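What follows is a set of notes on a single structure, which appears directly below.
The values are calculated or read from the model by the stated rules, or taken from the named source; none is laboratory data. In this text, all values refer to a predicted model and were calculated from it rather than measured experimentally. Glycine also receives a Cβ, built like all others from the backbone with ideal geometry; neighbour counts cover every protein chain displayed. Surface areas here come from the heavy atoms of the whole protein model, side chains and all, with no ligands, DNA or RNA. Shrake-Rupley method; radii C 1.70, N 1.55, O 1.52, S 1.80 Å.
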Amino acid sequence: MKKENSNTKMKKVFPFGEDLGGAKILIIGAGLCGSLLALRLAQRGYQIELREERSDLRKTDISAGKSINLAFSDRGIKALKMAGVVDKVFPLCIPMTGRMIHSIESETFLSPYSARDGEYINSVSRGQLNGLLLDEVEKFDNVNLQFNCGCTSVDLENNTATFFDKNYNQEEMVTADVIFGADGAGSILRKEMFLQREILFSYSQQFLEHGYKELSIPPTESGGFKTYKNALHIWPRGEYMLIALPNLDGSFTVTLFLPHNNSVYSFSELNTDEKVSNFFQKQFPDALELMPNLIDEFQNNPVGNLGTIKCSPWSYKGKTLLIGDAAHAVVPFYGQGMNASFEDVFVLDKFIDRHEGDWSKIFDEYEKERKRDADAIGDLAVENFYEMRDHVSNPIFKKKREIEIEFEKRFSYYSKYSMVTFREDMGYDEAMRIGNAQDKTLLNLIANNKLEGLEIEELFELVKKGVSEILDDDKVSKMMQH
Ligand SMILES: Cc1cc2nc3c(=O)[nH]c(=O)nc-3n(C[C@H](O)[C@H](O)[C@H](O)COP(=O)(O)OP(=O)(O)OC[C@H]3O[C@@H](n4cnc5c(N)ncnc54)[C@H](O)[C@@H]3O)c2cc1C
């Protein structure tokens, strides 16, 4: 228990209101995952205490958060559909049907994400989406939502969390039947589990050498888009990369990925206006023309880190569960972190349906199913970093995409990207295994000039055969490991 000090008072709180008989649930973090989780559990009738460290993003100046947008796709859509709110989200979205690749010579080509109608991703503002979920949560009387309340520690044995409430400058304790840590990559709950020796907690955190900085392309004077609206724009340049996603107000949020250090072009090297300007002039000349505020934004916006977090177990004695980024933070290169966090809620809900009331069973079965998928999206996201920055403009990769698009038009074929992004009925792990086998087979055929004279049907049969051989091999080697 925290000691009182001269400036802060400790208050023991029983914030759940009238006892309605159901389990009392505390959710730490009202970000994307915590808000959806609160909404779903409130719909199920639980008494929810939802506590967020930051102030209410709907009431503060949202200009800072407004520009930050995310790619929202089928796994996230599935979860928001379950909670009955997806139709309210679509009006906030801008469809992106493919990647618009910008070469260093300022030439562009659009590489579609899929050949099937309706398979596209959406650009959505993080602030607007989070705000919408909070509005929905607040409609429930069985939810108590508090902002400016950061969790400072969790007593795992007694299921009590301590918060510092900035509204009253005092510490508070909340005791609950179940505590969810939806408090993101820096999770307090995860730290507590790490420190509890009895748990034998496994934990890994791997940073990329690259960081990121957010910049922008403003709208035209009449509020239009300065470049093609319905695409995720990419300027792939090997060691570094620029991407841009559209916003409803006609602007684009631009993200620069660059090594932190040890490179001619790195965040530490680009330390004068002149260097920044020369770098963009040389590497991203067409983007530079659209970015009148580049220097200001570059100097003022922070550099973020990019890392993958894996850990296990995610739960303790059926009393606590890590969920979303708190359990599995991933780098952003598959556009899946939020989608995976929303899908967590969907999968958890399935096990609540099966074993309602038995939290130990719910959490064990949930982790058993979800962990391998979370690990897979962590790995896929790192792989996609290399694909996006190096390969998308490489001729072999381009040929592979052309063939895959042809396959998708004619046959029941899903590229790895399509399986990860649009096959919400398939786990990430399965999508990764099949997708990697497809990629390996196709890339080998292209690199070894085995395509000449083949009809598309023959090529498809060859790929199917190659994929099933690889998957059979994998099965055998898995059996030998066990
Ligand atoms: C640059 C970048 C681009 C991205 N692009 C995409 C994308 O295109 N598509 C996609 O699907 N994902 C994307 N992601 C990933 C996505 O942002 C995360 O996966 C998602 O936000 C996870 O949601 P969460 O609710 O688990 O965590 P968070 O969004 O981090 O929310 C955690 C919440 O908990 C609160 N909190 C933290 N500590 C405490 C505490 N001690 N007490 C109380 N509250 C606390 C935080 O204030 C926050 O509100 C991107 C990430 C980055 C960094």
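Condition check for H210 on (1) open to solvent by 40 Å² or more (accessible area, probe 1.4 Å); (2) out of contact with any Ser or Thr (no Cβ under 6 Å at 6 or more places or on another chain); (3) within 14 Å of the ligand (Cβ to nearest atom): one failure, at (1). Of the residues making up region 401-449, those that are outside any helix (DSSP H, G or I) and hydroxyl-bearing (S, T, Y) are S412, Y413, Y414, S415. Annotation note: of R75, R99, the sole residue that is within 14 Å of the ligand (Cβ to nearest atom), of a type in the set (D, E, K, R) and closer than 26 Å to S216 by Cβ is R99.
Inspection of region 252-262 finds no residue satisfying the criterion of being under 20 Å from I68 (Cβ atoms), out of contact with any Asp or Glu (no Cβ under 6 Å at 6 or more places or on another chain), away from the ligand (no atom under 16 Å from the Cβ) and not aromatic (F, W, Y). Restricted to region 66-114, and to residues there that are under 25 Å from G250 (Cβ atoms), among the aliphatic types (A, V, I, L, M) and in contact with a Phe, Trp or Tyr (Cβ under 8 Å, 6 or more places away or on another chain), the residue that is surrounded by the most Cβ atoms within 10 Å (Cβ to Cβ) is M96.
Tell me which strands (runs of 3 or more DSSP E) are completely within region 79-188 and hold 2 or more residues being acidic (D, E) and more than 26 Å from the chain's Cα centre (by Cα), or say none if there are none.
Those strands (runs of 3 or more DSSP E) span 170-175.
Open to solvent by less than 40 Å² (accessible area, probe 1.4 Å), near the ligand (Cβ under 10 Å from one of its atoms), of a type outside the set (V, I, T) and farther than 30 Å from N247 by Cβ: does that describe A176? So A176 fails the test.
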